[in-house]
Amino acid sequence: MASLLPNSAATMVRGREEVYVAAMPLRATKGPPQLLMSAAYSLNLLWDLQHFMVLIQSQSPSPPHHSQVLVFDFQPKDPEDIYVALAVLSCRAVPGALLTRKLKTLPRSKCWLVGYSKADAVETAIEFNKRWETSLRVGLNDCRDYTNGLVKQLTGEKDVLKRLRNNHS
């Protein structure tokens, strides 16, 4: 996991949650499409063939200082459905789903510390999700837009994925 904080966010402010962006392979129909997506991801071939999400890590204030990682992301309701894949490829809108889940630890790769929350990160993310349009359309309202929007809401940074891409290309 890498830290790619802008200079102004180089020191941690006690009591604020850490905000990360993580990437994983796009999910695809089982078989050759899924193998192709996994290979492209593993070989770092195409930045755009990745699914992006926001992770929030908070520390328990009292001993023992347990950390909790929550993942917030936006994806098609059925990402492995071939008809959904065809609709996405033809730039048609598909039903999207806002997902929240817990992880025991941060991913070991393709996970970048991008800043610290300005306020209660989990509450901010929940409120952000209440306003998010769930009609998914690649390039207009997808996981990249969601990640950029939520990171901006949490940390104030605009276009975090552009910065990460520039640092990793």
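Provide a single number: the residues in the stretch 118-129 that are assigned to a loop (DSSP other than H, G, I, E, B) and within 20 Å of ALA23 (Cα to Cα). Give the derivation first.
Here is the first cut: in the stretch 118-129, the ones assigned to a loop (DSSP other than H, G, I, E, B) are 118-120.
Adding the requirement that they be within 20 Å of ALA23 (Cα to Cα) leaves none.
So the count comes out to 0.
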Among residues of the stretch 71-116, those that are more than 26 Å from VAL19 (Cβ to Cβ) and open to solvent by less than 70 Å² (accessible area, probe 1.4 Å), counted: 9
Residues (on the phi < 0 side of the Ramachandran plot, out of contact with any Leu (no Cβ under 8 Å at 6 or more places or on another chain) and free of Cβ contacts under 8 Å to residues at least 24 places away in the same chain) located in the stretch 146-169: GLY149, LYS152, LYS158, LYS162, ASN166
Test: residue in the stretch 130-140 that is among the hydroxyl-bearing types (Ser, Thr, Tyr), open to solvent by less than 40 Å² (accessible area, probe 1.4 Å) and assigned to a loop (DSSP other than H, G, I, E, B): no
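The values are calculated or read from the model by the stated rules, or taken from the named source; none is laboratory data. Computed from a predicted structure; not experimentally measured. Note that each Cβ is placed from the backbone with ideal geometry, even for glycine, and that neighbours are counted across all protein chains shown. The accessibility values were calculated without ligands, DNA or RNA, using every heavy atom of the protein model including side chains. Shrake-Rupley method; radii C 1.70, N 1.55, O 1.52, S 1.80 Å.
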